[in-house]
Amino acid sequence: MNKNRLWTREEEIIVFDLYCKIPFNKSSKTHPKIIEIANIIKRTPSAVNMKIGNFGRFDPVLKNKNISGLTNGSKLDEEIWNEFNNNWSELSYQSELLKKNFINDNKNNETFKLQGKIPKGKEKLVLSKARINQNFYREAILASYNNHCCITGLATPQLLIASHIKPWNKSTDDEKTNPRNGLCLNALHDKAFDKGFITIDTNFKIHVSDNIRDIYDGNIVEKYFNCYENKEIILPEKFLPDKVF
């Protein structure tokens, strides 16, 4: 690996996609996803981790939390940020295509296979843009909330949902992929949010509908819903929910 070679546009797109998918405070040269991407693009894990830090300096949510990224970045970093920061579906799709190209260029090296991405016995990677965008959206939302439900703090990824604020069936293609149109909720509160039993106002406060009723035990609604009335959600590290949604 040539440590002194300049970063390419293709490499930066792949790393910016990764930036969206891991918590900024968990980024390190030992992170499995950073190691995976480093292997694919033939960079060191330290170099990939530093590039993530370079992107962090543009993030307004991090700035508001007095978290600063690395300052010694390049003009290309800013160009990639500006091009894809509000073009999430294109970012995720281009990144997957580029990773495929890198993998194919190194197909004789088992290190460069993306787990779960290349069907056994097949050389061609079949990409579904809808599937890629869905995966990107979920990974970006869960990473932003550090794999915690923003209402209860539950931290079991298998029980967490990347929930759309503006309903999926009423969102444009770009809004469906936009991490700022999302909340990380556990399965119960995701369903309640979707059905209008709970809502969140533009000050990020939780409100419970009077229409929710417990027909079995009056303590259940109090335990799982009313106790959160007027409390602020746990705000994300990145991708603060857009109040427009």
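The values are calculated or read from the model by the stated rules, or taken from the named source; none is laboratory data. Note that the structure is a prediction, hence the values are computed from the model and not measured. Neighbour counts are summed over all protein chains in view; Cβ atoms, including those assigned to glycine, are modelled from backbone coordinates with ideal geometry. Quick note on the areas: whole protein, heavy atoms, side chains included, nothing else; ligands and nucleic acids left out. Shrake-Rupley method; radii C 1.70, N 1.55, O 1.52, S 1.80 Å.
The residue list Ile41, Gly53, Ile14 was ranked by how far each Cα lies along the charge dipole of the range 1-57 toward its positive end, using unit charges on Cβ atoms, and Gly53 comes out on top.
Starting from the Cα gyration tensor of the range 1-93, take the square roots of the eigenvalues, sort them a ≥ b ≥ c, and report rounded, prolate or oblate (rounded when a/c is under 1.5, otherwise prolate if a/b is larger than b/c, else oblate). Let's see the in-between values first.
Numbers: a/c = 1.40, a/b = 1.22, b/c = 1.14.
Rounded shape, in that the Cα axes give a/c under 1.5.
Between Asn86 and Asn135, the simple spin-label model (points 7 angstrom out along Cα→Cβ) gives 2.8 nm. In this simple spin-label approximation, Ser46 and Asn219 carry label points 7 Å from Cα along the Cα→Cβ vector, and these lie 5.7 nm apart. For the pair Glu10 and Asn147, a Förster radius of 35 Å applied to the C-beta separation gives a FRET efficiency near 0.75, rounded to the nearest 0.05.
Counting only the Cα atoms, the range 141-201 fills a convex hull of 85 Å³ per residue. Full extension of the chain segment joining Leu97 with Leu76 gains 5.6 nm, where the gain is 0.36 nm per residue of separation less the Cα-Cα distance. P(r) for the chain, from all Cα pairs and a bin width of 5 Å, is 1, 6, 13, 16, 17, 15, 11, 8, 5, 4, 2, 1, 0, 0 %, short bins first.
How large is the accessible surface per residue of the chain, computed with a 1.4 Å probe and reported in Å² as a whole number?
Details: 13550 Å² over 245 residues.
Heavy-atom SASA per residue in the chain reads 55 Å².
Compute the distance in nm between two label points, each set 7 Å from the Cα along the Cα-to-Cβ direction, one at Asp201 and one at Glu232. Rounded to a tenth, the inter-label distance reads 1.4 nm. Around the Cα centre of the chain, unit charges on the Cβ atoms of Lys, Arg, Asp and Glu (plus for the first two, minus for the last two) sum to a dipole of about 860 debye. Kirkwood Rh over Cα pairs of the range 151-245 into Stokes-Einstein at 10 °C, 1.306 mPa s: D in µm²/s? My calculation gives 113 µm²/s for D.
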